[in-house]
């Protein structure tokens, strides 16, 4: 059986009363074992986007793949005015860990999800045994000035994103082989659409991550990723895209290289959509991280 195609995870809603709602998640693997791996997605994506990538691990580990605040089926508030930026995602992860993790886990994520993971591991290192990060976003503190961020192509592109289609089939047809989806397999795009759209009262489908929320994530960082990397106390694997990487650590390479816990691996031939392009490396990295002994 090809688990990468056929594995159907269980849907869960995890109440986070201290955060004002519930976190939606897809769960792989046996419920008879503790949670091994918690994976968080990129901005604008959702848990199901990574179904075919992570499903091969279901026979070995118990995984929770999350819909972050403002994405997928999660009901956590997504209020843009006055928001605290990406530290919200960190704090959501910390409450989730307190509720579902019986022992230290592997925190993992792509892009924004990778950043949230390292921020959480830095805040509560005892809860995390290893980090596996796929082209995490590192925006230097000095570059996080909101006027510059709202002028960026990412912010403006998110605001222009088409939010509504007549059906999921038509959304899929519009995405396949185009734009950022050029390097994705069809099953990956189909899973993104399945988790990324919901039906409306009019019978159309609309994005579960509203364009203005996606854009606000590009504009409101409000974190010090390098300080977080310095505080982690577990092994860290970072896989960095060759082209268009968001792992912007220029000037800090020596600091990362001097830390024996951190391993940064450039992956030739990949873009920021590294997990979709090299799912084999994602599986390999998560297996290695899960095998790490708690330091």
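Does the range 266-279 contain any residue that is surrounded by fewer than 19 Cβ atoms within 10 Å (Cβ to Cβ), part of a strand (DSSP E or B) and over 18 Å from the mean Cα position of the chain (by Cα)?
Within the range 266-279, one or more residues are surrounded by fewer than 19 Cβ atoms within 10 Å (Cβ to Cβ), part of a strand (DSSP E or B) and over 18 Å from the mean Cα position of the chain (by Cα).
Enumerate the strands (runs of 3 or more DSSP E) found wholly within the range 162-265, keeping only those where 1 or more residues are modelled with pLDDT of 95 or more and loosely packed, with under 15 Cβ neighbours inside 10 Å.
Fully inside the range 162-265 and qualifying: 197-199.
What residue, among those in the range 19-36 that are touching a strand residue (DSSP E or B) at 6+ places or on another chain (Cβ under 7 Å) and farther than 21 Å from residue 214 by Cβ, is surrounded by the fewest Cβ atoms within 10 Å (Cβ to Cβ)?
The residue in question is 27.
The values are calculated or read from the model by the stated rules, or taken from the named source; none is laboratory data. Predicted model only: the values in this text are computed from it and were never measured. Glycine also receives a Cβ, built like all others from the backbone with ideal geometry; neighbour counts cover every protein chain displayed.
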